[in-house]
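Read the structure below first, then the notes.
Coordinate-derived values only; no laboratory data. Because the structure is a prediction, the values reported are computed rather than measured. As a convention, Cβ positions derive from the backbone with ideal geometry for all residues, glycine included, and neighbour counts pool all protein chains shown.
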Amino acid sequence: MAGFDHGSNEPDEQENNETISRNTSLGLKLFTVYLALYGGFVFLNTFSPAKMEVVVFAGLNLAIVYGFILILAAFVLALIYGWLCRNDVASTNSKNGGAAQ
Amino acid sequence: MIYEPSFMAVIIFGGIVAITLGLSFWLGAKAKSAKGYFAAGGGIHWFVNGVAFAGDYLSAASFLGICGMIAFYGYDGFLYSIGYLAGWIVALFVIAEPLKRMGRFTFADALDSKFQSRGIKLAAAISTLVVSIFYLIPQMVGAGALITPLLGFPHYVGVLMVGTIVILIVVTAGMVSTTYVQFLKGSLLVIFSTVLTVLILQRGLSTDPVNDGKSTHQFQIIGPAASNDIKHWKSELKLNEKDRLIPLDQGEWTTKDYLQLTKDDKISYWKLTENADKQFFLSETQYKQNNKNGSTIINGLPQGTGEGETDFYPVGRISKLPGDEKETGPLGITEFLSTIRESELILWGSDTIKEKDGAVLTIYFPKPTSGKKVLSPGNHPKFAGIRRDEIYGKLNFLSLMLALFCGTASLPHILIRYYTVKDQASARKSTIVGIGTIGYFYILTLFLGLGAMTSGSLDVTNSNMAAPLLAKSIGDWLFAVISAIAFTTVLGTVSGLIIASSGAVVHDLMSSFMKIEMNDFAKVRVAKIASVVVGVIAIVLGILFEKFNVNYLVGWAFSVAASANLPALVMLLFWPKTTKQGITVAIFTGMISSLTWILLSADSYKGIYGLNPDHAIVPFSQPGLVTIPLGFITLIIVSLLTQPKPEGMES
């Protein structure tokens, strides 16, 4: 497992308040996006299950397509979050020249 | 069903267990301190931790339960996959980084970081123990269910084996070995599920699936007939004068619509159904009769593999393919799903009837179902409420989906994994890897479940065996590998839960709440003793709860975790007026109210007490919709009532 060894536990990251605030705000925004997607899915299943039978793409019904979209959206939003949070807010001012993750 | 033990499965299983234990002993040398034992020294690589997240999360319920539910009920099982994954969004965007920032060993650390309150430590520790033990029971029951077909041992031997191996793993090196076990298992699960999915698509679909070189038994479905006329059925069944076909309308049979056929002194039962066009059908069934003297009859003969004995037929097939084809050949991803949608499949239902002489009959009957219905929600009895007009069925579904969404980020064995990496960035990155791995696996579950549904290999009595039996229908080697992975799935999840429980006992209860002074060495020693005790409790409960439905118990754990832990975590992070009293009372309120709701629900009336579910006190079975908001409201009210007085007022 070269490269994945049980290594040092010294944090690479020294967070400041701006970084924490930026990450929290971004997390909440992306959470709201996903909550709307998930909420729409659950409400459609609950109150209009017949709509989930409609074929929408390549012979697949809305139930399958929406389900796959929810799974893919979780990963895509997670990647976006990881990408946008990769640098410390104050990285240009820090003595190490930033704690890029 | 009777399973032949597989020599190859035993060898592969033994190999994987030996590697796992070897890894544990080797890594044990690296974890001498308390931080090493509980949190792997905070030095696990984020990628390893991310895959280990998947290992932790893809428990017996996820792997065996979801595949089985899809195989027996179609799309409804996939709803669990979607709900389980969505919960990770709460974990990543709301919980992961603050939790890592605030805690050290347990999630109680995080809750208590602001207040240093013994009350919070006590509440969080009890909640951790309750949720972990609820989550442990289905894992142990799943272990027992797996060991029977794998090695041919009884249920309790399987539970004892898993318990003993897990205690050995946990006691040797704590979180380090548990993490690598989960990494190994998570990787193997994803790799071999991919292999299995590719083989399912390569095999395509057939109306006559072959298992071990034998065709699947084609159950007779006679009809349609314009009326329910015995003479007509006798003629269709080509019965002679000695044969007897009688409608059953006494006792518990009254509402079940069965006919009993006695032919050559062998009794069989036929299910009568009527469709929307008032046409009647008569279906051949298979049944199990448990007599009062302990003997078991299957389809009119003693259960066994010898002469004069019989066993259940494997089930699960497509009855009609589009264009009345017999088989499709290899299919692509969307082609596989769209072909199933345009086909007709045979699903299975069951009825249980208690006879006057004390014998209990469980009858399994085929239900021809359109592919459109199979790939739509509302086929599982617990989800059927969304297809009806009454509101409680819909609320029950909403409640379950809410609990799945909120439960993940409240599970103690998931939360402690945030302390095994060194910083918040690693916590974030490992969660992203976890979401990718788990999401990919959950997409595969749809193909595995539908593959099992059409494989002709299902055990009609045990949905948990769908994935291993699907693998067996493709090849013995694959069955051996998948069974071994399923077993390590149980091993890994149980290890994580025992670590979380021992952390709660030593760190939260003994050290923080009881204020017992212990050095690092003593903490680790006591934690290992606690692990053995929790492991033994898990073994005992796993044996006692043998007959319980695995998914049912997991649902409990999710609901209790979400109701007790999530309100406290979220409000602590986002509401400055949160007080220690608010957190403590909210945890106890969420935990007790969700447990009480579950115990007073129709599911418990039927499954635990054997009472009429219509007499249940609460209107629907899933508590989350009521008890999660209750946790939040309680926290807000108690916090507002216990606000610290402003400094000026005090003076």
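Normalised by 2.2 N^0.38 Å, with N the number of residues, the alpha-carbon radius of gyration of the protein assembly as shown equals 0.99. Dipole check for the protein assembly as shown: with +1 at the C-beta of Lys and Arg, -1 at the C-beta of Asp and Glu, and the Cα centre as origin, the magnitude is about 1460 Debye. Taken about its Cα centre, chain B carries a charge dipole of roughly 1940 debye when the Cβ of each Lys and Arg holds +1 and the Cβ of each Asp and Glu holds -1.
With the biggest extent put first, the Cα atoms of the range A:18-84 measure 47, 25, 11 Å across the principal axes.
Of all aspartates and glutamates in the structure, those lying under 16 Å Cα to Cα from residue B:266, and not within fewer than 8 positions of it along the same chain, are B:241, B:243, B:284, B:307, B:309, B:311. Counting, for every residue in A:71-83, the Cβ atoms of other protein chains within 10 Å of its Cβ and taking the mean gives 6. Largest first, the extents of the alpha carbon coordinates of the range B:376-520 on the three principal axes equal 60, 48, 32 Å.
Any idea what the relative contact order of chain B is, in percent, if you count C-alpha pairs under 8 Å spaced at least 6 apart? Don't skip to the end; give the middle numbers.
Working: 1267 pairs, mean separation 175.8, N = 651.
Once normalised by length, the contact order is 27 percent.
Peptides B:2-10, B:278-286, B:225-233: what's the order by average Cβ count within 10 Å, highest mean first?
Highest mean packing first, the order is B:278-286, B:2-10, B:225-233.
Coordinate range of the alpha-carbon atoms in the range B:252-350 per principal axis, descending: 52, 39, 23 Å.
Which of B:528/B:606; B:214/B:238; B:185/B:354; B:185/B:528; B:121/B:528 have a Cα-Cα distance over 31 Å? Beyond 31 Å between Cα atoms: B:528/B:606; B:185/B:354.
Residue by residue along B:179-187, Cβ atoms of other protein chains within 10 Å of the local Cβ number 1 on average. The alpha-carbon positions of the range B:210-390 define a convex hull whose volume is 183 Å³ per residue. Each peptide in B:125-133, B:626-634, B:380-388, B:324-332 was scored by the mean count of other Cβ atoms within 10 Å over its residues; highest first, the order is B:125-133, B:626-634, B:380-388, B:324-332. Note on chain B: dipole from Cβ charges, positive end direction compared against B:206, B:639, B:328; the farthest Cα belongs to B:639.
For chain B, the residue among B:251, B:621, B:55 whose Cα projects farthest onto the positive side of the dipole built from Cβ charges is B:55. Evaluated on chain B, the Kirkwood hydrodynamic radius is 26.1 Å, with distances taken between all distinct Cα atoms.
All C-alpha to C-alpha distances of the range B:84-170, sorted into 10 Å bins beginning at zero, yield P(r) values of 15, 28, 29, 21, 7, 0 percent in whole numbers. Averaged over residues, the count of other Cβ atoms within 10 Å places the peptides B:429-439, B:536-546 in the sequence B:429-439, B:536-546, highest first. Tell me which DSSP H helices of chain B clear both cut-offs, 30 Å or more of axial length from alpha-carbon atoms and a mean Kyte-Doolittle hydropathy of at least -1.0. Membrane-span-like by this rule: B:7-28, B:118-151, B:175-203, B:424-453, B:476-503, B:520-544, B:550-574.
To the nearest 20 Debye, how big is the dipole of the range B:374-525 about its Cα centre, given +1 on the beta carbon of each Lys and Arg and -1 on that of each Asp and Glu? Present the calculation step by step, with values, prior to reporting the outcome.
Details: 12 positive and 8 negative charges, 49 e Å.
Dipole magnitude for the range B:374-525 comes out near 240 debye.
D by Stokes-Einstein for the range B:212-308, Kirkwood Rh over Cα pairs, 20 °C, 1.002 mPa s: 142 µm²/s.
Of all aspartates and glutamates in the structure, the ones whose alpha carbon falls short of 20 Å from that of residue B:515, not counting any fewer than 8 places away in one chain, are B:109, B:112.
For peptide A:17-30, how many partner chain Cβ atoms fall within 10 Å of a residue's Cβ, on average?
Partner Cβ neighbours, averaged per residue: 3.
Projecting the Cα atoms of B:157, B:449, B:536 onto the charge dipole of chain B (Cβ charges, centred on the Cα centre) puts B:536 farthest toward the positive pole. Residues of the range B:605-645 with an amide N closer than 15 Å to a point placed 7 Å from the Cα of residue B:577 along the Cα-to-Cβ direction: B:632-645.
By the rule of a C-alpha distance below 27 Å, with chain neighbours fewer than 8 residues away ignored, the lysines paired with residue B:372 are A:51, B:256, B:271, B:278, B:320, B:326, B:382, B:394.
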